[in-house]
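Enquirer: A single structure is presented below for examination.
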Amino acid sequence: GLLFLGAGSVLHSTHIRELDRLGGLLRSMPWTAISFLVGVIAICGLPPLNGFVGEFLISVGAFKGGMGSQTSVAIACLLALISLALIGGLAAAGFSRAFGVIFLGNPRSALPAPIREAGLAMKGPLAILSGLCFCMSLGTPYLFHWFRTNLFQILMLPDAPVEGPLTGIVVALTAVTGLGAL
């Protein structure tokens, strides 16, 4: 949703639908650019955003499923891990290219002047969804705890021991990303 709203904000401001005609919008649309970048990082499954947590949990499940299992199950889990890595790499390549074409460099054609940031009605949802990408990542360990104590007991499922490592990884990657942004 965040990427769709970011694309809508760019379309609203430029009235251009062709990516190859855009460029250099970071200077005139910083709010949209930062929100779009958050969406790109999240959809690519990079830390410390919500997409990383999902990919981490799938990876842990595939590793655990492949260990000590039958050969066919281990092969299926290995294929799942390879597929996850391939999809993540392709998403990172495609979405980083889209961000670069739209927001970085110089305009590739004459843009209607002046290009301004969208109004508060568009910036507000971008900010909310960007914040949710961070909150969903940082809040996942707590949500895991709630599921383990409530829902898993109701459904009589075994405990999920991923919570401890997930908390440490999410907090550490958030700190490293924050320091890197400085």
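The values are calculated or read from the model by the stated rules, or taken from the named source; none is laboratory data. Quantities reported herein were computed from a predicted structural model and do not represent experimental measurements. A quick note on method: Cβ atoms are made from the backbone with ideal geometry, for glycine too, and the neighbour counts reach across all protein chains shown. These area figures cover heavy atoms from the full protein model, side chains too; ligands, DNA and RNA do not enter into them. Shrake-Rupley method; radii C 1.70, N 1.55, O 1.52, S 1.80 Å.
Enquirer: The range 6-93: which trypsin sites (Lys or Arg not before Pro) are DSSP loop and have at most 11 other beta-carbon atoms within 10 angstrom? Kindly include the intermediate steps, with their values, before the conclusion.
Expert: Working: sites: Arg17, Arg21, Arg27, Lys64; in loops: Arg17, Arg27.
Passing sites in the range 6-93 are Arg17, Arg27.
Enquirer: Starting from the Cα-Cα distance between His145 and Asn106, subtract it from 0.36 nm times their residue separation and give me the gain in nm to one decimal.
Expert: Working: separation 39, 0.36 × 39 = 14.04 nm, distance 4.75 nm.
Fully extending the segment from His145 to Asn106 adds 9.3 nm.
Enquirer: Here is a further query. For Gly45, enumerate residues with amide H under 5 Å from its amide H, sequence gap 5+ or separate chain, H modeled in the peptide plane.
Expert: Gly51, Phe52
Enquirer: Distance in nm between label sites at Ala127 and Ile75, each 7 Å beyond Cα in the beta-carbon direction?
Expert: 5.4
Enquirer: Report the gain in length on full extension from Leu19 to Phe4: 0.36 nm times residue separation, minus Cα-Cα distance, nm rounded to one decimal.
Expert: That pair, Leu19 and Phe4, stretches by 4.0 nm at full extension.
Enquirer: For the charge dipole of the range 1-108, defined by +1 on Lys and Arg C-beta atoms and -1 on Asp and Glu C-beta atoms about the Cα centroid, which residue among Gly88, Ile43, Gly8 has the Cα displaced farthest towards the positive pole?
Expert: Looking along the dipole axis, the top candidate is Gly8.
Enquirer: Let me ask another. Could you sort the peptides 92-103, 51-62 by per-residue average Cβ neighbour count (10 Å cutoff), highest mean leading? If you can, show how the numbers build up before the last one.
Expert: Numbers: 92-103: 16.2, 51-62: 18.0.
The most tightly packed comes first, giving 51-62, 92-103.
Enquirer: Okay, next question. Given a Förster distance of 30 Å, report the FRET efficiency between Leu120 and Ala92 from their Cβ-Cβ distance, rounded to the nearest 0.05. Let's see the in-between values first.
Expert: On the way: r = 31 Å, r/R0 = 1.04.
With R0 = 30 Å, the Cβ-Cβ based efficiency is 0.45.
Enquirer: For the range 1-102, take the alpha-carbon Rg, divide it by the Kirkwood Rh, and send me Rg/Rh.
Expert: Values: Rg = 17.8 Å, Rh = 15.4 Å.
A ratio of 1.16.
Enquirer: Can you pull the percent of the range 1-123's accessible area that's carbon plus sulfur, 1.4 Å probe, other chains left in place?
Expert: Details: 4860 of 6890 Å².
Roughly 71 percent of what the probe reaches on the range 1-123 is carbon or sulfur.
Enquirer: Using only the alpha carbons of the range 18-65, determine the length spanned along each of the three principal axes and report them from longest to shortest in whole angstroms.
Expert: Over the range 18-65, Cα extents along the principal axes are 48, 20, 9 Å.
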